[in-house]
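Undergrad: Take this structure first; my questions come after.
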Amino acid sequence: MSDTGSRPAGPELWLVRHGETEWSRDGRHTSTTDLPLTDVGEQAATALTDRLAEAEFDLVLTSPRQRARRTAELAGFPDAEVDEDLVEWGYGDYEGVSTAEIRETVPDWTVWTHPTPGGESAEDVSARLDRVVERARQCDRTLVFAHGHSLRVLTARWLEQPAAHGRFFKLDTSTVCVLGFERETPVLLKWNS
C-alpha cells in the first residue's frame, strides 16, 4: 500500500463501515431503517479521525443513511457527498430480522445464496456498486462510508468477482479497508484494520 500522504501508484478505494447501531450489534438486518449510532458506535467513529486524517482523498462519498453520514462526520468528513448507490443491500421482508430467525423457516439461508423477498437481488446490488467502482477508478484515492453487505459486494466488484464472493470478506463496524492495484490487477491491500 502506498504511503497515506503520497499519491498511490494506482487508484485506491478506502472503505469504512459505519459505527455500531443497536441492530448491527444484535445481528439484525438493517437496510432502510435509519438507525442512529450507539454511544459505542459514536466513540469508534470518532477514533477513526486520526487514522484517516493523514491520507488525501480526491472523492469522499457516503450512504444517505444517518449511521453512515454520522460516521463520516465524526471521522472528520462532514461534507462527504451522499451517493444513493452506497445504501445497504435491500433486505425487504427480512428488514430487522436476524439470520437465525430467517433460518427457522428457510434453513441454511444467507443473503449470498438465497432470495430476499421484497428486497434486492445480488444482481441489483452489484449493478449499483459497479457505478461506485467506476467513479473510484477515475480518482487517485476515494473514501466511502457505507454498510456491511454493500461494502462486501463493493469489494467483490472491485476485485472483478461476482457479488456472492462478498461472503468471503467479514467486515466489522468502524473499520478501515483499502482496495487498490498491483500493476494492472485489482487487489485487497488492507482489511478490517
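Undergrad: Quick one: which of W89, W109 is surrounded by 14 or more Cβ atoms within 10 Å (Cβ to Cβ) and closer than 26 Å to T62 by Cα?
TA: None of the other options fit; the residue is W89.
Undergrad: Can I ask one more? Take the stretch 39-54 and flag every residue that is surrounded by 14 or more Cβ atoms within 10 Å (Cβ to Cβ), within 18 Å of the chain's Cα centre (by Cα) and modelled with pLDDT of 95 or more.
TA: Residues satisfying the conditions are G41, E42, A44, A45, T46, L48, L52.
Undergrad: Only one of these conditions is not met by S24: (1) more than 21 Å from L129 (Cβ to Cβ); (2) at pLDDT 95 or above; (3) polar (S, T, N, Q). Which number is it?
TA: It is condition (1) that S24 fails.
Undergrad: Of everything in the stretch 127-162, what is more than 15 Å from P186 (Cβ to Cβ) and small (G, A, S)? Give them in sequence order.
TA: The answer is A127, A146, G148, S150.
Undergrad: Still on this structure, I have one more. With the requirement that a residue be more than 18 Å from N192 (Cα to Cα) and part of a helix (DSSP H, G or I), what does the stretch 24-33 give you?
TA: D26
Undergrad: Moving to a separate point now. Could you list, in sequence order, the residues of the stretch 128-155 that are buried (at least 21 other Cβ atoms within 10 Å of the Cβ) and without any contact (Cβ under 8 Å) to a residue 24 or more places away in the chain?
TA: Listed by number, the list holds a single entry, R152.
Undergrad: Right, something else. Suppose we keep only residues that are charged (D, E, K, R) and outside any loop (DSSP other than H, G, I, E, B) within the stretch 34-75. Which one would you say is farthest from E12 (Cα to Cα)?
TA: D39
The values are calculated or read from the model by the stated rules, or taken from the named source; none is laboratory data. Just so we're clear, the structure is a prediction, and the values are computed from it rather than from any experiment. Cβ sites come from the backbone with ideal geometry, for glycine too, and all protein chains shown count toward neighbours.
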